[in-house]
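What follows is a single structure, written as structure tokens, with notes after it.
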Amino acid sequence: MGHYIKYSFQNVDNAEDIMVLQDKQILLIISGGIAAFKSLDLIRRLRERGASVRCVLTAGGSQFVTPLTVSALSEQKVYQDIFSLTDEAEMGHIRLSRESDLVVVAPASADILAKMANGLATDLATTALLATDKPVAVVPAMNVRMWEHAATQANIATLKSRGVACIGPVEGDMACGEYGFGRMSDVEDIVAAIAATLGQPNGPLSGRRAIVTSGPTHEAIDPVRYIANRSSGKQGHAIAAALAQSGAETILISGPTALPDPTGVTMVKVESARDMLAACEQSLPAEIAICVAAVSDWRVASAADQKMKKNGGGPPQLELTENPDILRTLAKAGNKRPRLVIGFAAETENVVENARAKCKSKNTDWILANDVSPATGTFGGDANTIQLVDGNVIVEAWPTMTKSEVAERLVARIGSHFSEDA
Ligand code: CTP
């Protein structure tokens, strides 16, 4: 089989993923789709973190990647045929599906999702999926119309209701030239979600409960109009995913976003600041609260019950009133105050100075300050440059990193905070 690629852990800086994935057996089912090439990188990334990856290639999958490449990268035999006597003698589909810690279908085509939802067992992949007693994660990748089709959505809902984790898809350009949801998630995000699925029981934060707020809020003007902001929710969702991956029981309370629900979190979807606060209060007690949401500071004092009409009298005068400050409310001293309350400070000038003032005035333990001047591209973008202000006025300047990396670093810091505290 030619030469194999050997992996070292030197280039992997995510210690948590390594811990969770080390020595784990993953059965990776590669079904048909142009995104199958990304699964080759997925094999490498999982192996870099110490997992062993055994692959099943469907007939469709083998149109996009060759068994030889898959076996070279996984350093294992690739399984393709349910009726192959040698395979059945060496490892039958039942053993194949059970000798793993997790079954991952990536890419998951509309076809394999439909078969899974309906319990079909027409080839090795679907038979293994039906026979497994292990957790299953699917990573859908398909054309936007196929993803949005009511049939696919119903199939996904069925699979989720049976406990199948769904990773992505994300929005973007498609190989077919269209744009929208249906792109397979980025490999690093898939690895993080897989680690989350595997890592829940024994992570460094297991047994602790965390609340995260994320996204913008929508404040109604009338039944069809609202005040909002440009927050994408990416940072808050990444933090919730990283907390779940570390084993925390995580409740993600989010305003409207276009993001998929992170794996392993309890999702509470809200619209307004007041709904967000109520959901947070209902989720107490918790040991950790992280307010990442870009909560609208103001709302319309009395939103109209009916759609406001142009009636010749000129534009309406909207009277604004202040929204509750969720972070301040959660951080208020009292027996329900989480042990660790963390906020963000979106600033465009005097970043650290303003963050220190915010930390003190809101009674938070830590503030993660970021410069959101338009030139930084932080709002809606994928990267963030953080300065962490600790209540004791320790300031850490973090290098610019992706929002997932910020999440991982923050969660690692929370882990050490609690272990020092213990
Ligand atoms: N926050 C909140 N509820 C609000 C406003 C803000 O929970 N009604 C939280 C945010 O989630 C963030 C922190 O408070 O963690 C800081 O928000 P930011 O908008 O940066 O600052 P403000 O407190 O609103 O102050 P200002 O707009 O004056 O900078």
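Using beta carbons and a limit of 8 Å, which pairs, at least six apart or on different chains, have the first residue in the stretch 177-190 and at positive phi and not assigned by TED's automatic domain parsing to the domain that holds I239 and the second one assigned to a loop (DSSP other than H, G, I, E, B) and open to solvent by less than 10 Å² (accessible area, probe 1.4 Å)?
What qualifies is G182/P169.
Pick from the stretch 310-331 the residues that are more than 9 Å from the ligand (Cβ to nearest atom) and in a strand (DSSP E or B): which of them is nearest to M276 (Cα to Cα)?
Ranking the candidates gives T321 first.
Go through the stretch 334-344 and report how many residues are more than 22 Å from the chain's Cα centre (by Cα) and open to solvent by 20 Å² or more (accessible area, probe 1.4 Å).
Count: 5.
Pairs needed: first member in the stretch 349-374, closer than 18 Å to A294 by Cβ; second member anywhere, of a type in the set (F, W, Y) and more than 10 Å from the ligand (Cβ to nearest atom); C-beta distance under 7 Å; at least 6 residues apart or different chains.
V372/F379
For the stretch 249-300, how many residues meet the condition of being near the ligand (Cβ under 10 Å from one of its atoms) and either β-branched (V, I, T) or in contact with a Cys (Cβ under 9 Å, 6 or more places away or on another chain) (or both)?
6
Give T329, T348 a once-over and let me know the one that is assigned by TED's automatic domain parsing to the domain that holds A383, under 31 Å from the mean Cα position of the chain (by Cα) and under 18 Å from A210 (Cβ atoms).
T329
Name every residue in the stretch 130-151 that is part of a helix (DSSP H, G or I) and more than 21 Å from D186 (Cα to Cα), in order of residue number.
L130, A131, A150, A151
Only one of G391, G377, G343, G334 is within 18 Å of C280 (Cβ to Cβ) and away from the ligand (no atom under 12 Å from the Cβ); which?
G334
What's the number of the condition R274 fails, among (1) open to solvent by 50 Å² or more (accessible area, probe 1.4 Å); (2) in a loop (DSSP other than H, G, I, E, B)?
(2)
Every residue in the stretch 207-216 that is modelled with pLDDT of 90 or more and open to solvent by 10 Å² or more (accessible area, probe 1.4 Å), please.
R208, R209, listed by residue number.
Working only within the stretch 15-53, note down all residues that are open to solvent by 30 Å² or more (accessible area, probe 1.4 Å) and under 22 Å from T127 (Cβ atoms).
Q25, S52
So, of the residues in the stretch 345-396 that are surrounded by 14 or more Cβ atoms within 10 Å (Cβ to Cβ) and of a type in the set (D, E), which turns out to be modelled with the lowest pLDDT?
Only one residue tops the list, namely D382.
May I ask you to verify whether P204 is buried (at least 16 other Cβ atoms within 10 Å of the Cβ) and outside the structural domain of M146 (by TED's automatic domain parsing)?
Taking the combined requirement at face value, the residue satisfies it.
In the stretch 30-71, how many are closer than 19 Å to R183 by Cβ and assigned to a strand (DSSP E or B)?
Total meeting the criteria: 1.
Under the condition of being farther than 21 Å from E287 by Cα and in contact (Cβ under 8 Å) with a residue 24 or more places away in the chain, which residue from the stretch 318-331 is least open to solvent (accessible area, probe 1.4 Å)?
Looking at residues that are farther than 21 Å from E287 by Cα and in contact (Cβ under 8 Å) with a residue 24 or more places away in the chain, I get N323.
Taking the condition of a type in the set (G, A, S), more than 15 Å from the chain's Cα centre (by Cα), open to solvent by 20 Å² or more (accessible area, probe 1.4 Å) and within 14 Å of the ligand (Cβ to nearest atom), does A228 pass?
Yes, satisfied.
If you go through the stretch 143-157 one residue at a time, do you hit one that is among the acidic types (D, E) and under 15 Å from the mean Cα position of the chain (by Cα)?
No, there is no match, as no residue in the stretch 143-157 is among the acidic types (D, E) and under 15 Å from the mean Cα position of the chain (by Cα).
To keep it simple, each residue is scored yes or no on (1) in a helix (DSSP H, G or I); (2) open to solvent by less than 10 Å² (accessible area, probe 1.4 Å).
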| position | (1), (2) |
| --- | --- |
| Q153 | yes, no |
| G177 | no, no |
| E188 | yes, no |
| V191 | yes, yes |
| A196 | yes, yes |
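The values are calculated or read from the model by the stated rules, or taken from the named source; none is laboratory data. Values in this document were obtained by computation on a predicted structure and should not be read as measured data. When we count neighbours, we look across all protein chains shown, and the Cβ atoms used for this are built from the backbone with ideal geometry, even at glycine. Protein only, heavy atoms only, side chains kept; ligands, DNA and RNA dropped before computing areas. Shrake-Rupley method; radii C 1.70, N 1.55, O 1.52, S 1.80 Å.
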